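Q: Would you mind keeping the following structure in view while I ask a few things?
The values are calculated or read from the model by the stated rules, or taken from the named source; none is laboratory data. The structure displayed is predicted, hence computed values, not measured ones. Reconstructed Cβ throughout: ideal geometry from the backbone, glycine too, with neighbour counts over all protein chains shown. Just so you know, the surface numbers come from the protein's heavy atoms only, side chains and all, with ligands and any DNA or RNA stripped out. Shrake-Rupley method; radii C 1.70, N 1.55, O 1.52, S 1.80 Å.
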Amino acid sequence: MKHKISIIGAGSVGSTIAYALLLKNIAAEIMLVDVDEIRCRGEILDLSDALPFCGPSLIHAGSTKNVQESEIIIIAAGKRQQPGQERIVLLKENKKIIESIMRSIQPLRKDAIIIVVTNPVDLITRYAQELSNLPTSQVFGSGTFLDTQRLRGALSRKINIAEQSIHAYILGEHGDTQFPVWSCARVAGIPLSDFGITQKELDRIAQETKNKAYEIISCKGASYYGIATCVAALCRTIIFDQKRVTPVSCYIKEFDVSLSMPVVLGAKGIEQILTIPLNNKEKKQLNLSIKALKSYAA
Ligand code: NAD
């Protein structure tokens, strides 16, 4: 039986997620939904040319009414940033789009999992959680998973160790108040400073990580390969019940916001939110993220 995955929003991000899923050979039935039916048809026709080289997946267009059967629903619909714009400027318009989508996809399967990608992702995730009629463990955002991969990639190039072996996280808002958790960053339990990297270099890497989306958007108008590969990895983790520790935007009751923390991800969605130890500086940075998200949402 094929896993049913719906992608709502077949723009640059949504269609590239479909492509990344095909390349992962997950054997999924992928449905793309977009208000722009012509664009969606074009993406389906183009993606179907990749099928002969991928596993036994199916890809087709559908409407929000057909989403009800899906095990995983990915939301990538909405406006994207223009060069130099912050993600938060998208809030008003994308909130409206998400509200209309969440209403039109009801009722969902009780075990459905929703992955939100639309920006500003932490706030849009929170709206989706509120409107989904699902437990918050089943509705989360891609959050700082992408930023964390960017950070690990940059560290890997600096210390010449595979990124999979570097345990380092960007947490908080997927936006300007995100922060690196240097106090817990380790390779085989060894602090990064023991690999000849200075705090100044670490700070520069964190800054470049934060600005990378702006740089990509200023060069080519949009970013999609990285986020699409991250979302396909999230789907794989869910489908194969991998229990991987992944930073995603999740609802934290104590703070009453959705932001990124490391979670254990499996077939049921978020199975555990891990309390990562933070030093005083990082606690302050987390509070800044919480404050910023609450002020935007107000
Ligand atoms: P895009 O303009 O290429 O595509 C957006 C698509 O959404 C369009 O095809 C549009 O027709 C569709 N859409 C709009 N309203 C809809 C609705 N009600 N139902 C179905 N489809 C609808 O934009 P993009 O580059 O694909 O970006 C999509 C979103 O992803 C943006 O909000 C962007 O900021 C975000 N994004 C997030 C991350 C992340 O890390 N979370 C990374 C990159 C982009």
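Q: Compare the peptides 119-129, 93-103 by average per-residue count of other Cβ atoms within 10 angstrom and give them in order, highest first.
A: 119-129, 93-103
Q: Along the Cα-to-Cβ line of Arg109, 7 Å from the Cα, sits a label point; which residues in segment 234-264 have backbone N less than 19 Å from it?
A: What the label zone holds, given the 19 Å backbone N cut-off, is 234-243.
Q: In addition: Got a sec to turn the phi values of segment 206-222 into Karplus ³J(HN,Hα) couplings, 6.51 cos²θ - 1.76 cosθ + 1.60 with θ = phi - 60°, whole Hz, x for Gly and Pro?
A: Once rounded to whole Hz, the list reads 5, 5, 5, 4, 4, 8, 4, 4, 4, 5, 4, 5, 6, 7, 9, x, 6.
Q: Could you provide, to the nearest whole Å², the per residue accessible area of segment 67-121 with probe 1.4 Å?
A: 46
Q: Of the listed peptides 253-260, 170-177, what is their order by residue-averaged count of other C-beta atoms within 10 Å, with the highest listed first?
A: 170-177, 253-260
Q: Looking at the chain only, what percent of DSSP beta bridges run antiparallel? Nearest 5 please.
A: 50
Q: Rank-order 156-162, 71-77, 42-48 by packing density, defined as the average count of other C-beta atoms within 10 Å over each peptide's residues, highest first.
A: By packing density, highest mean first, the sequence is 71-77, 42-48, 156-162.
Q: OK, next. Computed over the Cα atoms of segment 87-229, what is the convex hull's projected area averaged over all directions, in nm²?
A: 10.0
Q: If you don't mind, another one. State the dimensionless ratio Rg/Rh of the chain (Rg: radius of gyration of Cα atoms; Rh: Kirkwood radius).
A: Result for the chain is an Rg/Rh of 0.96.
Q: From the convex hull of the Cα coordinates of segment 144-216, what is the mean projected area in square nanometres?
A: It is 4.5 nm².
Q: If I model a spin label as a point 7 Å beyond the Cα along the Cα-Cβ vector, how far apart are those points for Ser193 and Val35 in nm?
A: 5.2
Q: May I ask you to give the percent of accessible area on the chain that is carbon plus sulfur, with a probe radius of 1.4 Å?
A: 52
Q: Taking only Cα atoms and a 10 Å spring cutoff, compute GNM fluctuations for the chain and point out the largest among Ile113, Ile270, Ile205.
A: Ranking Ile113, Ile270, Ile205 by mean-square fluctuation puts Ile205 first.
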